[in-house]
Structures are given as structure tokens and as C-alpha cells.
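Participant: For reference, the structure I am asking about is given below.
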Amino acid sequence: MRHIGVVTVGRSDFGIYRPILRAIQNDPDLELMLFVTGMHLNPEHGLTVREIEHEDFPIAARIEVPLDGDTPLAVARAIGHGTTGMALALATHPPDILLVLGDRFEMYAAALAALPFNIPLAHIHGGELTFGAMDDALRHSLTKLSHLHFAAAETYARRLRQLGEEPWRITVSGAPSLDNLSALSPLDPGEIHRRFGISLDAAPLLVTLHPETRSSMSAQTLVDAVLTAIEQIGHATVFTQTNADPGGQVIMSAIRAYAADHDNAWIVQNMGTAGYFGLMKAAAAMLGNSSSGIIEAASFALPVVNVGTRQDGRLRAANVQDVPAEPSAIARAIGLATAPQARAALAGLRNPYGDGKAADRIVERLRAVPLGERIIVKRFHDLPAPS
């Protein structure tokens, strides 16, 4: 029996992981071990560990990451706490392979803790670029810590090779979040209203906004620009919770103040994947700077207004409009995105992030890859010298 550890730090990665977790559970040669940390255990982010418990996934360890604010100092201290806590968990429950995803600082702390234990790391969504966030540096650092790579597209696999990763370690799996499209039924408008009190009589804007952690623009300036544009349009709006990034509390404070003054604005901490997909299906457009607007929204032919630089560098389909964080530019883009013909014009749009069969490719590789010295001892793969 091969033990596959999986690190989950928040609602966003758990939704992406879900088809992989089910596939691991269904494989008789594998045993799942979940290491739950980060925002999952934070009441301010909805204590989303309850969703994991509800779905009966086995939790090997819960690693508290105290986050006493959203300042750079608080985040740096959280990385230290997360590394120490994960090291203690791995000393007690060492998996044969540890699976990590993306680019969150909590995820990086867990991966760093695994290094001295010589536990092979498998990383999902490496090779991507997000110039406007510190996550960009964390993602590339995770690549160098990791021993197996599951890239969402060939463009990203090529960049992994450019980073010196040996080709045999890289699998182009596609984005596993797209697997959920066939595995889950989006909640219908009536169920969304019953569970969350959100009226979908008029198709709303779905807004997810995070700070730009690699930009001179303050979180206050960013959120003010977005809220000013929404106010000008007067559109019904559903806001989702921001991440635990520096400046995240500033954004949420402004959003709460806006929602308190507008009857057609709602805030949700956590809707689960089926609820979030239900909103994407029902929304007039998506607004903000979330990776879900880049990766999943294309599968719903959902127009997206992507604000600022946070997602700069990622592949995007034709449904995405990129605009600066200026109220007038955002308002114009919202108008185009919510026009009656906008969504119809995107019918048949191809999603560049894969075919929705990533979990099978990932789990087959986790099950079959030989363990031992070859996987642990990494060689730098040099590109051919220019002629």
C-alpha cells in the first residue's frame, strides 16, 4: 500500500483536489493522508475544514498556522509556524509521496518542511506565471523543491524544463479543477437562494478580488477602483472571500462596507465547489483577479473582467478582458461583459487548461512511479546550448 499525502490549505485548493482525492480513495493500491492547514482552520475564512470532515476524507494531521493580521510580518511569521507544524506532522505520519498544489505561502511552508525528510514531492500547476503576486516566486521555488510535476498545459511543461527539471518528471495532466465539471452538478438558482440567501432573479456579477502582492498599488486603491466601477454600473453583485494575503483584510473591510449599503450585494465565505459552479453558470460575468476566472470560467463560456496585474503571464481564453485598476476602464469592461450577446458569442469556447481528465493521469503517475534514490536525487536538465 502506497501512502499519498496531500496538503490542503484552503477552500480553493480543496475544490481543485477533490477529483484527485476520490481517485486515490478508489485505487486499491493507494491510501490517502490529508494534511489540513492554513485558512481551513481559520474562523475568519469559514472553518472550511468542516467541508473536508463532511465528505469523510481521512485527516492525518491538522496544522495550525496562526495569522495575526495581513501584514508582511504576519505572513512571514505564518510561514515559519507552518513549516514547524508540518515538520512535526511528517515526523509522526510520513507519507510515501506528498502532493502539493499551486503557490500559496502555506503550501510552500509544508513543502519546505518535507525537504529534510527526503519525502518525494509532487507538484500541481507548476510552470505558470502570475507577475502581480508573490505567489509567482513561491510557485517556482516549489518546482525546485519538487520531484514530480503535473503541468496544466504544454506551455507550462516547457517552462518546467527551462527551469532545469528532467523531462521524465513532468506530466501534462491538465487542470484538475476541470474534472469537477463532469463529477459535480452545479447548484441551481433556487438551491443557491435557499442555502445562501442570494437572489438570482437578475444575473449577478461574481466578484473575487485579491491583493496585488507584487505591485506598488495598495489594496485600498485596488478595491476602491473595483467598487467604484460596480457602483457606477449598479449591478447585483456576489462577493467571495479574499485569500489570507497581505492586504486581504483591507479588501474585505471595504467590501463589507459596500454590501452593508447595497441591498443587491452579498458576501459568501464558502459556497463549496457545486455552489461556486452554480454561481458561475448563473452569473452575468465575473470580475476581479482570481485564477478561477482564468482557468475554470472558460468552461462556462463566462465573460471575465480581469483587473490589474495579479494574473499577468497566465494562459487565457477569449472570454477574458484584461483591464487596469481604473474605475472607468473597469466599468466599460463590465458593460461589454454583461451585454446580452456577450455570453452567446462565447459558445463553443475551448478551455486551454485541458479535457477534464487530469485526476486519472495524476493518480496513475503517483501509483506507478518507482520510489527510491532516482526520484529523490534530482539532476539539473540543461537546455541545448544555442548554436
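The values are calculated or read from the model by the stated rules, or taken from the named source; none is laboratory data. Every value quoted in this text rests on a predicted model; they were computed, and no experiment measured them. Using ideal geometry, Cβ is built from the backbone for each residue, glycine included, and neighbour counts are taken over all protein chains shown. The accessibility values were calculated without ligands, DNA or RNA, using every heavy atom of the protein model including side chains. Shrake-Rupley method; radii C 1.70, N 1.55, O 1.52, S 1.80 Å.
Participant: Does Ala183 count as surrounded by fewer than 23 Cβ atoms within 10 Å (Cβ to Cβ) and touching a strand residue (DSSP E or B) at 6+ places or on another chain (Cβ under 6 Å)?
Facilitator: Considered against the rule, which asks whether it is surrounded by fewer than 23 Cβ atoms within 10 Å (Cβ to Cβ) and touching a strand residue (DSSP E or B) at 6+ places or on another chain (Cβ under 6 Å), Ala183 comes out as no.
Participant: State whether the residues of the stretch 155-166 include one that is open to solvent by 10 Å² or more (accessible area, probe 1.4 Å), closer than 21 Å to Leu366 by Cα, at pLDDT 95 or above and part of a loop (DSSP other than H, G, I, E, B).
Facilitator: Yes, some residue in the stretch 155-166 is open to solvent by 10 Å² or more (accessible area, probe 1.4 Å), closer than 21 Å to Leu366 by Cα, at pLDDT 95 or above and part of a loop (DSSP other than H, G, I, E, B).
Participant: I'm trying to understand the selection: among the residues of the stretch 216-252, which are over 20 Å from the mean Cα position of the chain (by Cα), of a type in the set (S, T, N, Q) and over 18 Å from Ala285 (Cα atoms)?
Facilitator: Within the stretch 216-252, Ser216, Ser218, Gln220, Thr221 qualify.
Participant: Can Glu44 be described as closer than 29 Å to Gly174 by Cα, acidic (Asp, Glu) and in a helix (DSSP H, G or I)?
Facilitator: It is false that Glu44 is closer than 29 Å to Gly174 by Cα, acidic (Asp, Glu) and in a helix (DSSP H, G or I).
Participant: Tell me, please, whether a residue that is farther than 24 Å from Thr143 by Cβ, open to solvent by 40 Å² or more (accessible area, probe 1.4 Å), part of a helix (DSSP H, G or I) and touching a Leu at 6+ places or on another chain (Cβ under 8 Å) can be found in the stretch 362-382.
Facilitator: no
Participant: Which of the residues that make up the stretch 281-306 are of a type outside the set (Gly, Ala, Ser) and touching a helix residue (DSSP H, G or I) at 6+ places or on another chain (Cβ under 7 Å)?
Facilitator: Lys281, Met286, Leu287, Ile295, Glu296, Phe300, Leu302, Pro303, Val304, Val305, Asn306
Participant: Turning to a different aspect of this structure: Which count do you get for residues in the stretch 54-74 that are open to solvent by 70 Å² or more (accessible area, probe 1.4 Å), out of contact with any helix residue (DSSP H, G or I) (no Cβ under 7 Å at 6 or more places or on another chain) and at pLDDT 90 or above?
Facilitator: 1
Participant: Report, ordered by the first and then the second residue, all pairs with beta carbons closer than 9 Å, sequence separation of six or more or different chains, a first member in the stretch 178-192 that is farther than 11 Å from Thr273 by Cα and in contact (Cβ under 8 Å) with a residue 40 or more places away in the chain, and a second member that is open to solvent by 50 Å² or more (accessible area, probe 1.4 Å) and among the aromatic types (Phe, Trp, Tyr).
Facilitator: Hits for this filter: zero, empty list.
Participant: Here is a further query. Ile124 versus (1) within 14 Å of the chain's Cα centre (by Cα); (2) closer than 18 Å to Gly80 by Cα: which is the lone unmet condition?
Facilitator: (2)
Participant: Continuing with the same structure: Would you check which residues across the stretch 344-387 are farther than 30 Å from Met1 by Cβ and either without any contact (Cβ under 8 Å) to a residue 24 or more places away in the chain or small (Gly, Ala, Ser) (or both) and list them?
Facilitator: Ala344, Ala345, Ala347, Gly348, Pro384, Ala385, Pro386, Ser387
Participant: While we're looking at this one, here's another question. Among (1) open to solvent by 40 Å² or more (accessible area, probe 1.4 Å); (2) of a type in the set (Asp, Glu); (3) assigned to a loop (DSSP other than H, G, I, E, B), which single condition is Asp27 missing?
Facilitator: Single failed check for Asp27: (1).
Participant: Another question about this same structure. In the stretch 109-131, how many are of a type outside the set (Val, Ile, Thr), touching an Asp or Glu at 6+ places or on another chain (Cβ under 9 Å) and surrounded by fewer than 24 Cβ atoms within 10 Å (Cβ to Cβ)?
Facilitator: The number of residues fulfilling the criteria is 3.
Participant: All but one of (1) free of Cβ contacts under 8 Å to residues at least 60 places away in the same chain; (2) open to solvent by 10 Å² or more (accessible area, probe 1.4 Å) hold for Gly197; state the number of the condition that does not hold.
Facilitator: (1)
Participant: Does the stretch 8-21 contain at least one residue that is in a loop (DSSP other than H, G, I, E, B) and without any contact (Cβ under 8 Å) to a residue 40 or more places away in the chain?
Facilitator: No: zero hits.
Participant: Testing Ile170 on (1) buried (at least 19 other Cβ atoms within 10 Å of the Cβ); (2) more than 27 Å from Ala297 (Cα to Cα), one condition comes back false. Which one is that?
Facilitator: (2)
Participant: Can I ask one more? Restricting attention to the stretch 245-265, which residues are within 15 Å of Pro204 (Cα to Cα) and either of a type in the set (Lys, Arg) or part of a helix (DSSP H, G or I) (or both)?
Facilitator: Scanning the stretch 245-265 gives a single hit, Ala259.
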